[in-house]
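This report concerns only the one structure given below.
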Amino acid sequence: MNYPTGTSTAVQLPEGDVVTLLLEQHTRIRSLFGEVTAARGEERKHAFDELRALLAIHEAAEELVVRPVAKKTAGQQEADARNAEEKEASAVLKKLEGMDVSSPEFEATLAEFEQAVGDHAAHEEREEFPAIVAECSVDQRQSMGTRLRRAERLAPSHPHPGAAGSPAALKLTGPFAAMMDKARDAIGR
């Protein structure tokens, strides 16, 4: 399937459509990678914290809302591959979170991670999203968009590799982990 990616497709779909929301987030994630790379010092840490939180929340919500539908529309193998990538990404994100943002190791790991996240998003945009648009009604996608937003409010804002890639584990640990993440953020780690 030839499917345009990014905000151009999001503009063609109704507001609140799950694919619209995800494409907009993919665009923001790509932008944040650029901000982290360009920034230095405290600005870099702030930009990375924003990127880390968005990625953690975005991936958790995708696993809970999109993957079950993608299994039916794009196939089990496709959904499993995306979940495996998200599990791996969570581990790398956790590693990055523990690094000094001004270190050369952080920069090298971030560059590799950006490529992996970009490849992951491209797979979703080429395989999962077109299948969802083709096989789900506008009302179904709107409902998924509503559920995605709800899941994002309950999702952890830090990586939790033990739950990543497993919607069942995420359902069990996600709300508690989210509560702990918010407390940790509030007290400034």
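Read-outs throughout are calculated quantities, based only on the coordinates presented, and are distinct from any laboratory measurement. All values derive from a computational prediction rather than experimental measurement. No Cβ is skipped: glycine too gets one built from the backbone with ideal geometry, and neighbour counts run over all protein chains shown.
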*For the residue pair Glu50 and Ala122, what label-to-label distance in nm results when each label sits 7 Å from Cα along the Cα-to-beta-carbon direction?*
2.6
*asked:* Based only on other Cβ atoms within 10 Å, what is the fewest-to-most ordering of Arg149, Arg40, Arg67?
replied: Arg40, Arg149, Arg67
*For peptides 72-83, 27-38, 104-115, sequence by mean Cβ density within 10 Å, most packed first*: 72-83, 27-38, 104-115
*In whole angstrom, how far apart do the alpha carbon centroids of the stretch 30-78 and the stretch 84-113 sit?*
13
